[in-house]
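Since the structure comes first, as structure tokens, the remarks are kept for the end.
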């Protein structure tokens, strides 16, 4: 009889753990960051390109000792990831001059922020990024 009670208790524990794990998996917000990044892109290539370029130029323009710099870097990296993820696999835009120009600028900026996290952007890189982002803004309206 004690053996039967022990077996019943083990089955009850296993079933309870399975149910709790199932409920946890159902209600846990796994894709919360992913959904937030996708929501930042409207799907309109021209508007997204212009808004990303303007936002990144504002980040570049921040002083190196600005107290909001680390938050701006993180926001810029999220924006870069969202933009590239949204448009890289779209054949109607990924061959355009504006996209390749944006991709070049975004890769350079993200590469610097990820590789040299504690260093500010060098002046030469700032100038190059500003030129490329401005060029992409101008060209995107003409292309599509």
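Read-outs throughout are calculated quantities, based only on the coordinates presented, and are distinct from any laboratory measurement. Nothing here was measured: the structure is a model prediction, and the numbers come from that model. Ideal geometry is used to build each Cβ from the backbone, glycine not excepted, and the neighbour counts take in all protein chains shown.
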(Q) If you fit an axis through the alpha-carbon atoms of helix 69-87 and take the longest principal axis of the Cα set of the chain, what angle between them do you get, 0 to 90°, nearest 10? (A) 90
Q. For helix 2-27, what angle does its Cα long axis make with the longest principal axis of the chain, in degrees from 0 to 90 and rounded to 10?
A. 20
Q. So how do 85, 18 line up by other beta-carbon neighbours within 10 Å, fewest first?
A. 18, 85
Q) How high is the FRET efficiency between residue 100 and residue 69 when r is their beta carbon distance and R₀ equals 25 Å, given to the nearest 0.05? A) 0.30
Q: Counting helices only, and only those DSSP H runs with n ≥ 4, report the 222 nm mean residue ellipticity of the chain as the sum of -39,500 (n - 2.57) divided by its residues, in deg cm²/dmol to the nearest 500.
A: -26500 deg cm²/dmol
Q. Going by the alpha-carbon gyration tensor, a ≥ b ≥ c the square roots of its eigenvalues, is the range 32-143 rounded (a/c under 1.5) or, if a/c is not under 1.5, prolate (a/b greater than b/c) versus oblate?
A. oblate
Q) How far is helix 123-143 tilted off the main Cα axis of the chain, in degrees rounded to 10, range 0 to 90? A) 90
**Q.** Calculated FRET efficiency for the pair residue 58/residue 16, C-beta based, R₀ 35 Å, to 0.05
**A.** 0.10
